[in-house]
Amino acid sequence: GHLDGLYQNSNYISNSLLLQSGGSSSAGQSLHLVSTKSADQSFVIAAASNGEGIEVFQYSEGVIGASTERILDDETSYLQQVCDLATARIGETTYVYVASGVEHGLSIFSLGVDGQLSPVANVGQAQSLPINAISQVDMIALGAARFLLVASQGANSLTVFRVLEDGNLKPADHILDDLALRIENNSALAYVEVKGRGLLAAAGNDGGISFFGLLPSGRLIHHSTVITGPDAGIGAISDLSLLSAGPIVYLVARDKSQAGLGVFKIDVSSFGAAQGSAGVLDDLLVAAPGALAINGYEGDDYLVDGIGSEVMTGGAGRDVFVLTADEKIDQISDFDSHQDILDLSLWPMLYSSAQLTFVENSDGVTIHFRGEELVIKSASGSGLTSADFGAGTITYLTRFDVHLQPQEISQPTATAPPLNQGVILAKPQADFLFPLTVQDIAEYPKLVSQPFQMQAGPYFITAAFSNMGSILGAIAPSQTKSPIYKLPEIGRSDNEGMNGSAGSDYFMAMGGHDVLYGQAGNDTLCGGDGSDRIYGGDGKDVLIGGVGSDLLCGGSGADWFVFYPTIAGEIDVISDFDPNVDTVYLSGLSGTNSDENYSQLIFVQVDQDLWLDVLGQGVIFKDLLHAQISAEDFLFNF
């Protein structure tokens, strides 16, 4: 056959061309093709997207010749339903990178002068690569360095690999979609090198395009995100291209319906030095090893901290200071909170300013996070506060380091047998049944407290996990080995029983009217949705009713009864609260200290029971007098 237009460039890298029969991606055969060279021989490598394996053909003057090699998928390779191909020539060797979207990985081969392929490595889920459903791979170059970009639809992720001299891949960065990005269902990548700087665009069906800069280390820094949609005539994006035209870079975006085509213009005329000397243009300045200072002078510069203590001076212009995790003391000498940006996306496990500690100084502020310390002096010489570092001033990304190693699959630990007939979870309560009947509820006062203003989304689960740290901090003196440190055993979305063991159990029941019984040990029992019955048994237990009217019975030991704002009108019952050892944990009140929060609680004595009215919900303490309880029996999250 005759084929023109297969892509190659002077960096000795190439990416695949997709051919489709049947006229669309939903019909007919799709074929990925990439041309490359080994020594002075040219070849075309082909893979069918709905088949398996790859095949190598001779290639000369636009004509595809005889097949030289065909390799099929096996138990260790990733060659089933290939979704993309890329090649790189390193020294005298050409390497081929084959991606499978259904097997979630890449297989790497070296290509001989005779057109034969030799296996080099496999990189995918079996090697602990956290991706799912690869959609695109691109081989790119930044100076002399080569990188492989991998977009993953299923994981909503973008991964950067450094290509080593032997063709192997070393993870350099791995970012996930979050509120700042638009790479959900990531399916389109584009890259261009401009004036020694790497510019990357990524998109999917998330209603926008995110732009990144590629650092020499392979790390990505987020430049901006453009929102697209019906007003722009572009739907879910299937293809992106970046085209350099002197002082302008054009971004061409095509949506999946192939009915919309958008062209964006990026002015790069002000781009200055990349790792060189700073000047009046917009420079990218990366600290050299051992450097003590970086100075941007004029222009809107990017200043990237190195490994060590540096003093960064932006100078005039709107500067971005990118901090590296090195557990050293760094300093910014002239931060202008009205225009400068603090990029902390390279600090691991940092997602919001709520995790930062701000220490105000007369001429700025010092920021602490884990082992990092950043001294910021204001450009005006006046003091700074945490209020000067809002969402538009600090940049975060959801990223984590990837370490390739054989995947370890843990064997399930032995658990207690399921509930058997005749097992009594708890003795029946003679004075009431549960859930409470309408007649029972009528015996208690009407709720008069103001309901909590519920946030949109799965509030209970979000609140439960975000507040666990506070609970552990309070429990720590008496319960240092809380099972909350391990993943919970998740229940089904129906009416079920979850029976614990003599050890410390961690149950989360999800939906339905459930019965949870911790038995012995220090257990954490979460009812989730539905009207649940939760029995702690022996030990120091944490009981979380969740959404629905729940019955909580701590049993013996110092127990914690945890309440988050859920749905107004719910009434929970604590059957055995002991003010001598037990504690109630309340979240959602507006007070600034415990006394203020306790004063917002409404107590009413109803015969032998104590009625608590809080945030539009009721809690009945069975067989408890108001005089027996005080603020010391409550812990508030404020």
(message) For a Förster distance of 45 Å, can you work out the FRET efficiency between the beta-carbons of Ser241 and Gln600, rounded to the nearest 0.05?
(response) 0.15
(request) Could I have the simple spin-label model distance between Asp623 and Ala387, label points 7 Å from Cα toward Cβ, reported in nm to one decimal? (result) 5.3
(message) Would the range 544-594 count as rounded, prolate or oblate if I go by the C-alpha gyration tensor, calling it rounded below 1.5 in a/c and otherwise prolate when a/b exceeds b/c, oblate otherwise?
(response) oblate
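Which ordering of His513, His403 is given by a fewest-first count of other beta-carbon atoms within 10 Å?
Ascending Cβ contact count within 10 Å gives the list His403, His513.
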(message) I want the local charge near Gln617. Using Cβ-Cβ distances under 9 Å, sum +1 for each Lys or Arg and -1 for each Asp or Glu among the other residues.
(response) -3
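Rounded to the nearest 0.05, what FRET efficiency do Ser449 and Ile227 have when you use their Cβ-Cβ distance and R0 = 45 Å? Could the numbers behind the result be given before it?
On the way: r = 40 Å, r/R0 = 0.90.
About 0.65, to the nearest 0.05.
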(request) Before anything else, pin down the relative contact order of the range 305-406: Cα pairs under 8 Å, at least 6 apart, normalised by residue count, whole percent. (result) 28
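Under a Cβ-Cβ cut-off of 9 Å, what is the net charge of the residues other than Gly518 that fall near it, where Lys and Arg count +1 and Asp and Glu count -1?
On the way: positive: none; negative: Asp505, Asp523, Asp538, Asp541.
Local net charge: -4.
Where Lys and Arg each count +1 and Asp and Glu each count -1, what net charge lies around Leu543 among other residues with Cβ under 9 Å from its Cβ?
Around Leu543, the surrounding residues sum to -4.
Taken together, the values in this text are just the output of simple stated rules run on the coordinates, not laboratory data. As the structure is a prediction and not an experimental result, all values here were calculated from the model. Don't worry about glycine lacking a Cβ; one is built from the backbone with ideal geometry, like all the others, and counts go over all protein chains shown.
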